[in-house]
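Laboratory data are not the source of any read-out in this text; all were calculated from the coordinates shown. The structure presented is a predicted model; accordingly, all values stated were derived computationally and were not measured. Ideal geometry is used to build each Cβ from the backbone, glycine not excepted, and the neighbour counts take in all protein chains shown.
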Amino acid sequence: MKVTVRSLMKPTSHSFGLVLVASLAIARSAMADDFLIRDGDRVVFLGDSITEQRLYTTYIEAYALTRHPNWKLTFRNVGWGGDTSWLRQRAHPDERQLFAADEASQQKMVESSVGSGLKRDVLPLKPTVVTVKFGMNDHSYQPFREDIFRAYTRSQTEIAKVLTASGARVALLTPQPIEDKRPDPDKDVRNMSLRNFSDGLKNVANKGGAKFVDQFDPYMAIMLRERGANPSALIGGGDAVHPGPAGQTIMAWAVLKGLGAGALVSRAEIDASAQKVVAAQGCRVNNLKVAGGIIGFDRLDDSLPMPIDARAESALKLAPILHDLNRYELRVTGLKDGLYEMTIDGEVVGRTSGEDLAKGHNFATTSGPITKQAQKVLALIVRKNDLFFARWRNVQLFGFPEWAKSPAAESLRAAELARIDQQILEHEVQIDGLRKPQSHRFELSRVAQ
């Protein structure tokens, strides 16, 4: 990228390089160590229709792939509409018997149902990290029921147990609240039930050594704040149960924070009056030049900003997503007062004040070559995830009718799976290449008043 800063300073042809100090590298490494997802991981998203939507999961994947472009990571989504923690869409237990069973009988039913569902849909993927998001269908959209809650906590415990035994790190995610048009969503009996389920899940995670991630409280807090200003305000889009891109971006923010994701993409600081690079973190800044009233420099980042779905921009006003997860910063001190225009590789990307630049400006969502590159990564991830969903549900799990069952039919299935697997691989190769940052030329110029 290219950014040029024009000011009224004395021209110079001096070039300045920047060597990152060891302490900054260590700090960045420590932040990565806090993140549940690590280099080499195979991440699987398990859940119901909200997971099957492939929105919050895709945003989490996009964050991990752009923030850690040199990590080898794979992501697979096995969400299933209508599913529950006892995996009813995959194993089909008798729920009346499940809820009414005594402790020993219920445990056997849960072990059978959860075991068969995980064996078919999750364990073959050899995951090292699994996020588990159930609860919406479990509570059956009604006031709290102790018998269902008992089956829910037992099933979540079994999921965590089986996955942990397989070598996976497990994150148990609460559901987000239901969002109907009412001024008091916290008084909705369904949300009161989900509140109890979320509290129960925390106990399960604490006892089983899983990571507990709370979406319910942050999402509810935003809803209550917005309803306070406008009783009919809706934050999520979509419907009451299935948030659209805005709501699922808020969900991804809550989940990523719960998983220990870091905020910093990269940060550079330049003293324009002294004509020097003061500091840099997560990037290298070279070839600083001040000439003809323009400040220009080359910046090569270690990672890209997290791409934000264009349909979800409203979420940025509702939650501190950029501050908490997506800080792509530039600070320039020693500028004269006024408005400055920023270009990257010759493309105008925006204007901001000298005062704002002196404080440090976050350019994570500024339109330009860097953001466009991140958006291309997001688009490829979407297509790759759609391919995997079609592979899994339409080919792998397709059941041939009796008249079509034959070795030839199975051969056709194997060929189709291989064809889609090749497409998925090709998309992942493109993603890996595209998520590598490139050096760009930045320039700042003072706008005539």
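Comparing A374, A409, A272 in a Gaussian network model of the chain where C-alpha atoms under 10 Å apart are linked, the largest mean-square fluctuation is found at A409. According to the Cα gyration tensor, what semi-axes, each the square root of 5 times an eigenvalue, does the equivalent ellipsoid of segment 36-258 have, listed from largest to smallest in whole Å? One finds semi-axes of 26, 24, 13 Å for segment 36-258. Remark: spin-label model distance A291-D337 equals 3.2 nm, labels positioned 7 Å along the Cα→Cβ axis. If the segment from R120 to A229 were pulled out straight at 0.36 nm per residue, it would be longer than the present Cα-Cα gap by 34.5 nm.
In plain terms, the residue of H68, H440 with the fewest other Cβ atoms within 10 Å comes first and the most crowded comes last, giving H68, H440. Here segment 80-95 is scanned for amide nitrogen atoms under 12 Å from the site 7 Å beyond the Cα of F389 along Cα-to-Cβ, giving 80-81. The helix-based estimate of mean residue ellipticity at 222 nm for the chain, built from -39,500 (n - 2.57) per DSSP H run of four or more residues and divided by its residue count, is -13000 deg cm²/dmol to the nearest 500. Full extension of the chain between D271 and M192 gives 23.1 nm of extra length, using 0.36 nm per residue less the Cα-Cα distance. Of the cross-linked pairs K211/K372; K133/K187; K276/K376; K72/K207; K72/K257, those separated by over 25 Å at the C-alpha level are K211/K372; K276/K376; K72/K207.
Report, to the nearest 10°, how far helix 407-434 tilts away from the longest principal axis of the Cα atoms in the chain, using its own Cα long axis and a range of 0 to 90°. On a 0 to 90 degree scale, this one is about 20.
Taking the average, over residues, of other Cβ atoms within 10 Å as the packing measure, peptides 334-345, 412-423, 349-360, 77-88 rank 77-88, 334-345, 349-360, 412-423 from highest down. In the chain, the longest principal axis of the Cα atoms and the axis of helix 369-389 are about 10 degrees apart.
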